[in-house]
Amino acid sequence: MGSAQPNHVDHFIVKDQTEAGPSSITPIKAKYRLTPAEVTSKINPTNKRRLSILFSFPLLFILAIPFWWYTTSIERLPLPVSRIEALSNLTVPTYRGRILFTADKDAFPTPPPGRATFETIEILKALGKIVEEGVDGIYERQRPKKNRNWDLIYEDQVDQDHPKPFRVHLRRYEYANTSFPLEPYVQPAETGLMTSGIEEGTLVIPVHPDQIGDRFLKQHYKIALINSILSLYPADPPTIPLRALKYSPNITLSFVLLNEDSSEGSYVRSWDIDTAVQDHFLPQLQPLKDIFNFTIESQILYHAPLTFDPKPTESHTINAFDNDNPQIEAAINAAKEGDEDLEEVAKQLIQVENEQAWLVEEEDMKIFVNSEKWSLDSGSTNNPVLRFLLFIPKEKHRPMRLSTENSAQSFLLPQFGSVHLLNPPPLIPNDNLEGTNEYETYHLNSDNLCGTFHLFTQHLYSLLALPKLYDSTKINLPPSLSQLLKEKSEIWQGISEWQINQILLSRLKENQEESIKTLIGINKLIKKIKEMKIGDKVRNNVLNAVENLEQMSDDKSPLENFILSRDSVNLANQAFFDPSMMGLLYFPDEHKFAIYTPLFAPIAVPLLLGLLKEFIAWKRRKSQSKVKQASTEEIEDNKRETIEPNDKQPSDWKSNEGDTHIINGKDNEVLLEPSIQNEGRVLRSRI
């Protein structure tokens, strides 16, 4: 069974031994052609070898799976999911401030003879208790209810271990207003030999010597103290408007002077930007050094065309002594003092004002900045930039004005910067505006830029959400006769520590909310995208961001909590925008199938077909084996039935190595053919 057939068949003739003596076998060679099945069996490998070849490929794939899994697996380190979810219940820490309450000895009336005399600190403690109770009553009536977040302390309660307290001082001041109510102010920086000795940033409640003896002075002190402290130290941090720039530790301030068209002449060739920035901006920026890191840059553009044409307006007449042009006002004031040259200048300026103007409509303000043709690129690529643009119209478009109700010459661009229009007068030879013979060119010194940068400073407050110090009903400018200031202005004074505290609280709240929002977003993102990578760097940034938020507490100062929130939002943003995470945001499973299918489909199809073919062949061989086994058993049964009835074998029965043949009669010849069995080669008769 299953043995290969020989290439030829030996034919034998067996003769009867009665005539030829002992039987002899004579082999006869005969040619035999191979059948197609025999040729196929010789060319093709055996079934065992063929199966070995087929299964070697899947086995190779199976052995390569660990290496493929290691090289293509995505690292997903665990994140503190429970701690991130708990951050949603985190509240803004409320630091309880300390306000040192002091006063001049002569700020209170002298008791009449026979009355008890009290120390100044005792009077202050009694007054401070009344103030605190008054503030608590105000907060108690508000809805939602608020709590006072500061305490008044006194000189005998100063602790060096605590941060420096705020200061409130009752001052007897001869330049104070002689009428009630009292006008509190914040002490500015003092220079010179004669100073008041009051620390800069102290909230001062001035009282005139003539008011000391007033019987209701105590009530006036109470009202002034409550109103001023509530204004400078609110219960809730100020909200940040949408026009303000989102917090960033590094900010670039770009000052750009734009000439609409210098080719037509009458343009500004230079400006004293260093002095203007130092006089107007540095006093406002230096106190913010713990919150912002500012970079200042400037440039001059000589060709900055507009994207629209200003609309001309009809000529008008203005009153020489009622106008908004600071140059005309300065020239008129000088003319009053007898300066004939400046009187002529004032007339020329008024004449220019009466001429036809070019109007910029409100809709045109939205497209005023021509980003395509104005080279406003900054040297800072990563930091947000606030641009302060000083636009000089060309001579044909002068004077150019904005279509506003208050005839303003500047406007604010939310989260971008501000624009100010400056219309130079005709050629006037003086120290401030210098001209040349061929073309009118101007140099803007610090005096010319004073009004412009005063407006830029106001816009800076709006763009950075800086709280204003002065309030007409609560906080006032220092007295007008004080030698501490040159002119009254709401922003002439640098930012005080009261304002710094409000900025810290508002930015602290903003950073905390932004950090929590980013961390929760990361948590949702990794849950949604199962194959997003989370490496050591991302995990460490997330852990540090969570730890910084958890470390914030009411015991820490606003500056300490602000630094923690600033670092937390920075780490959270670094984790969210990490390149390793962003790489798989837009790589779904469909892309993987598109990559692997062209690689494995050409190999997998022949393998599957080969396995299917071998399976069918195995089934066929198995069925044939069963049929052959059944036929063999049937033959054996027939042989047993033939042999069993005969008790004696015939005399002429011949046996040869387990095989039998019968020769009936003499001279009978039987043709035998070889047959290969497990016992060896035997002869089988073929009649």
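The values are calculated or read from the model by the stated rules, or taken from the named source; none is laboratory data. Computed from a prediction, not measured in an experiment: that's the story for all the values here. Quick reminder, even Gly has a Cβ in these numbers, built from the backbone with ideal geometry, and neighbours come from all protein chains shown. The area values use the complete protein model at the heavy-atom level, side chains included, leaving out ligands, DNA and RNA. Shrake-Rupley method; radii C 1.70, N 1.55, O 1.52, S 1.80 Å.
Compare the peptides 109-121, 599-611, 448-460 by average per-residue count of other Cβ atoms within 10 angstrom and give them in order, highest first.
Details: 109-121: 9.5, 599-611: 11.6, 448-460: 19.9.
Per-residue mean Cβ counts within 10 Å order the peptides as 448-460, 599-611, 109-121.
Between Leu599 and Ser625, what is the spin-label point distance in nm, taking each point 7 Å from the Cα along the Cα→C-beta axis?
3.9 nm
Ignoring ligands, DNA and RNA, how do Glu614, Glu531 rank by accessible area with a 1.4 Å probe, largest first?
Output order, biggest surface exposure first: Glu531, Glu614.
Sorted by packing (mean other beta-carbon atoms within 10 Å per residue), highest first, where do 189-197, 93-101 land?
In descending order of packing, they fall as 93-101, 189-197.
For region 92-224, how big is the tail of P(r) above 23 Å, as a whole percent of Cα pairs?
Details: 3574 of 8778 pairs.
Roughly 41 percent, once rounded to a whole number.
Taking 7 Å along the Cα-to-C-beta vector as the label spot, tell me the Lys537-Ala116 distance in nanometres, rounded to one decimal.
If labels sit at Lys537 and Ala116, their model points lie 7.2 nm apart.
Ranked from highest to lowest mean number of other Cβ atoms within 10 Å per residue, what is the order of the peptides 131-137, 570-576?
Values: 131-137: 15.1, 570-576: 20.0.
Taking the mean over residues of other Cβ atoms within 10 Å, the ranking is 570-576, 131-137.
Working out 0.36 nm times the residue gap between Ile616 and Arg83, then minus their Cα-Cα distance, what length gain in nm do you get to one decimal?
Working it through step by step, the gained length comes to 185.9 nm.
Identify the residues of region 106-141 with backbone N under 20 Å of a label point that sits 7 angstrom from the Cα of Gln157 along the Cα-to-Cβ direction, or state none.
118-140
Of Lys146/Lys509; Lys366/Lys474; Lys524/Lys592, which sit over 25 Å apart, Cα to Cα?
Among Lys146/Lys509; Lys366/Lys474; Lys524/Lys592, the Cα-Cα distance tops 25 Å for Lys366/Lys474.
If you filter region 148-229 for chymotrypsin sites (Phe, Trp or Tyr not before Pro), then keep DSSP loop positions with at most 11 other Cβ within 10 Å, what is left?
On the way: sites: Trp150, Tyr154, Phe166, Tyr173, Tyr175, Tyr185, Phe216, Tyr221; in loops: Tyr154, Tyr173, Tyr175, Phe216.
Qualifying residues, ordered by number: Phe216.
Can you tell me the relative contact order of region 97-236? Whole percent, Cα pairs under 8 Å, sequence separation 6 or more.
30 percent
At 0.36 nm per residue, minus the direct Cα-Cα distance, what do Arg141 and Gln286 gain on full extension? Give it in nm, one decimal, please.
Working: separation 145, 0.36 × 145 = 52.20 nm, distance 3.89 nm.
Residue separation times 0.36 nm, minus the Cα-Cα distance, leaves 48.3 nm.
For labels at Asp106 and Glu372 in the simple 7 Å Cα→Cβ model, what's the distance in nm?
7.2 nm
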